[in-house]
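Before any comments, here is the structure.
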Amino acid sequence: MRSDRTAGRDSARGQTTLDFTIGVVIFLTALASVFLFVPGALQPFEEGGQEDLVTVNRVADQLAEQSLSEPTTPYVLSENCTVAFFDAAPECGYSGTLSERVGLTDRQFVNITVRASGDASSETSPLLCWNDSAPPGERLVPIDDCDDDATRLSAGSTPVESQPTVTARRVVELDGQDVFLVVVLW
């Protein structure tokens with residue numbers, strides 16, 4: 001049986017330092033969780049440099065799988081349509097500016113190149129051109145070895161160094177060779 005003295009102390013007990021500390025820790029943890037969760041939840045709706053990531057991948061996929069290739073053979077570029085695309089010729093349905101051909105707004109700038117693959121990365125590998133007068137399998141040559149009549153496989157302006165860019169690369173086949181299709185958006 002409990003004495004009156006012990007029962008009185010338990011019923012009149014106030015808030016202790018330990019109770020206060022636990023309450024503050026729970027409050028601060030909840031507050032920190034809100035500050036960490038809310039910006040992440042709102043991030044897809046904020047403006048930033050990464051919103052172009054989806055766009056540049058869409059353009060690269062569209063070119064590699066549809067515009068420059070046959071639907072039945074994605075990533076195998078059609079020679080005629082690829083040359084027409086970089087020549088801005090009306091063949092294969094290409095018309096308008098480069099941005100219009102790939103479905104971009106006037107505020108977005110794009111550079112599209114075909115580069116040699118191999119041991120080098122897509123940034124350091126040489127640009128290629130298309131030489132119609134060469135035999136099949138040898139029509140893709142580095143830009144330094146191009147004739148005056150060759151089609152340079154590069155379109156768009158050069159990005160400004162201070163401007164942030166987003167790049168998408170696809171390994172595709174053209175003229176029986178594996179090459180890089182590089183799309184840079186800024």
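The values are calculated or read from the model by the stated rules, or taken from the named source; none is laboratory data. Everything numeric here is computed off the predicted structure, so don't read it as measured data. All Cβ positions, even for glycine, are placed from backbone atoms using ideal geometry, and neighbour counts span all protein chains on display. Remember, those area values only see protein heavy atoms, side chains included, never the ligands or the DNA or RNA. Shrake-Rupley method; radii C 1.70, N 1.55, O 1.52, S 1.80 Å.
The condition of being modelled with pLDDT under 90, open to solvent by less than 10 Å² (accessible area, probe 1.4 Å) and of a type outside the set (Ser, Thr, Tyr) holds for only one of Val114, Val102, Val59, that being Val102. For the range 75-186, which fully contained strands (runs of 3 or more DSSP E) count at least 2 residues that are in contact with a helix residue (DSSP H, G or I) (Cβ under 6 Å, 6 or more places away or on another chain)? In the range 75-186, the matching strands (runs of 3 or more DSSP E) lie at 128-130, 154-156, 166-174, 177-185. It is to be established whether one or more residues within the range 162-179 are open to solvent by 40 Å² or more (accessible area, probe 1.4 Å), under 16 Å from Val56 (Cα atoms) and hydrophobic (A, V, I, L, M, F, W, C). Yes, that holds for at least one residue. Being closer than 14 Å to Glu173 by Cα, of a type in the set (S, T, N, Q) and part of a helix (DSSP H, G or I) is a property that holds for Gln66. Per the conditions (1) at pLDDT 90 or above; (2) under 24 Å from Leu185 (Cα atoms); (3) open to solvent by less than 50 Å² (accessible area, probe 1.4 Å), the sole criterion not satisfied by Tyr75 is (3). Filtering Cys146, Cys129, Cys92 for residues that are at positive phi and over 20 Å from the mean Cα position of the chain (by Cα) leaves a single hit, Cys92. For Ser154, the test of being open to solvent by 20 Å² or more (accessible area, probe 1.4 Å), under 24 Å from Asn80 (Cβ atoms), at pLDDT 90 or above and of a type in the set (Gly, Ala, Ser) is passed.
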